[in-house]
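Where a number appears in this text, it was derived from the coordinates with a stated rule and is not lab data. Just so it is clear, the structure is predicted and the values come from calculations on it, not from any experiment. A quick note on method: Cβ atoms are made from the backbone with ideal geometry, for glycine too, and the neighbour counts reach across all protein chains shown.
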Amino acid sequence: MHGNTVCLLMHMVDAPELIKPNETSIANFSGAWNDPFEKDKARSASFFDCKAFGKQAEIIGEYGAKGRQILVEGKIKQERWEKDGQKRSKHVIYVDSIQLVGKRHDESDGNAKPQSSGW
């Protein structure tokens, strides 16, 4: 691991947005992590925007779903843009690897899709 690496086990907030602006697929999604030591669960959630590319984007686009637990490893990057004359920015996790944990909410035990470790 290098200096700017983050590894988070979180739940997807919504279904991912999959786009293909050129030859490379991009999946944008958000995840939530809850601090297990915080007694007030409403205040313990932290939200993270993530971006996956290529085959990882296609896989998360197909198997990702709201509530799905995922393990994300990547680098934090600051995206900057200007809107209505105001400079804006946000931190995004650029995904190096994704691991789907458990199964989607719409899958029963007999129909669970296979999991993969680090695409």
| field | Lone unmet requirement of (1) within 20 Å of K75 (Cα to Cα); (2) free of Cβ contacts under 8 Å to residues at least 60 places away in the same chain; (3) under 18 Å from the mean Cα position of the chain (by Cα) for I19 | value | (1)
| For A27, all conditions in the list (1) among the hydrophobic types (A, V, I, L, M, F, W, C); (2) assigned to a strand (DSSP E or B); (3) without any contact (Cβ under 8 Å) to a residue 12 or more places away in the chain hold save one; what is the number of the exception? | (3)
| field | Any pair with Cβ under 9 angstrom, 6 or more apart, that starts in region 75-86 at a residue that is free of Cβ contacts under 8 Å to residues at least 24 places away in the same chain and ends at one that is among the aliphatic types (A, V, I, L, M) | value | K77/V92; K77/I93; Q78/V92; E79/V92
| note | Filter region 44-63 for residues that are surrounded by 14 or more Cβ atoms within 10 Å (Cβ to Cβ) and of a type in the set (S, T, N, Q); the one that is nearest to the chain's Cα centre (by Cα) is Q56
